[in-house]
C-alpha cells in the first residue's frame, strides 16, 4: 500500500522509525504541536491535507492523532479512506493502548507527563509541558501558559509554586520512555520538577504498537477506518470515535 501519514510533531521520532520499518510506502507530513491549543485550527489543517491527498493515488490517509480535545471530530474522508487509532490523545498512543491509558488515568490522577519529542519541540508560543489525563477541573496548564506569556517562564514557575497550585492538583511527574532518541535531559527535567514541587517521579515504559500498526496497515482492531463520504464523530463510550455519513445520517 501507499499511505499518507498526517502526524503531530510530538510523535516525530516514533513515526519515522515505524515508517522506515513498515512494509508499505509511507509519506509523512508533520503538523505543529501548537495547533492543539486551538482545536478548530487543527481540524481545518487536517481536513485540508486530507482533501489535498485526494487524487494522489494513496490507498489511505492515516492520522497519528487521537481525539485531541475533539479536534479530529468532524473530519471527512473524501475519495480515500482515513484511518485513526481509537485514542483520547497522544498519551494513549505513547502508552500503546486504551487500556493502559485508562489504568493510568484511574490509578494516577494528577500526573504531569513528559516525553522527548513533545518537550523538545516547544517554541516561544508554546512552552507548556504535557499535562494530560489528570482529571482536573482547573486547567492549570492554561493558567501557567498565561503567566508565561505575561511574566516569563521563570516568574511563571515561581508564581505557581508560591500559590501552591502544582502541589494542590498534581502528585506525579511521569516520563514516558519509548526507547527512541536520547531523552536523558527531559527525564532529568521531570525528576527536577518533581523534587522541586513535592511530587513523586516515575519512568513509564512506552509502547510503539499503535504507531507500528497504524503505518503497517494492521487496522482490524483499535482503529477506525473512515470510508469515503464518512465523517468522524465522538462516541462518548469506550470506542472513543465512530462515524456517520458526511450528510449527518448514520452509516449503513
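The values are calculated or read from the model by the stated rules, or taken from the named source; none is laboratory data. These numbers come from a predicted model, not from an experiment. Here Cβ is always computed from backbone atoms with ideal geometry, including for glycine, and neighbour counts include all displayed protein chains.
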Can you tell which of 77, 53, 60, 64 is touching a residue at least 24 places away in the same chain (Cβ under 8 Å), under 15 Å from residue 222 (Cβ atoms) and buried (at least 16 other Cβ atoms within 10 Å of the Cβ)? 64
Taking the stretch 203-224 on its own, how many of its residues are more than 30 Å from residue 4 (Cβ to Cβ) and touching a residue at least 60 places away in the same chain (Cβ under 8 Å)? 1
Just give me the residues in the stretch 237-252 being surrounded by fewer than 14 Cβ atoms within 10 Å (Cβ to Cβ) and either under 20 Å from the mean Cα position of the chain (by Cα) or at positive phi (or both), in sequence order. 237, 238, 239, 248
So residue 200 passes all but one of these: (1) assigned by TED's automatic domain parsing to the domain that holds residue 78; (2) surrounded by fewer than 14 Cβ atoms within 10 Å (Cβ to Cβ); (3) in contact with a strand residue (DSSP E or B) (Cβ under 6 Å, 6 or more places away or on another chain). Which condition number does it fail? (1)
Taking the condition more than 14 Å from the chain's Cα centre (by Cα) and either crowded, with 23+ Cβ neighbours inside 10 Å or under 18 Å from residue 223 (Cα atoms) (or both), does residue 102 pass? yes
Residues of the stretch 178-197 that turn out to be without any contact (Cβ under 8 Å) to a residue 40 or more places away in the chain and buried (at least 18 other Cβ atoms within 10 Å of the Cβ), as a count: 2
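For every residue, the table says whether it meets (1) loosely packed, with under 15 Cβ neighbours inside 10 Å; (2) over 20 Å from residue 101 (Cβ atoms).
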| site | (1), (2) |
| --- | --- |
| 149 | yes, yes |
| 207 | no, no |
| 210 | no, no |
| 217 | no, yes |
| 221 | yes, no |
When the stretch 106-135 is checked residue by residue, the ones that are within 17 Å of residue 205 (Cβ to Cβ) and at pLDDT 75 or above are 107, 108, 111, 113, 114, 115, 116, 117, 118
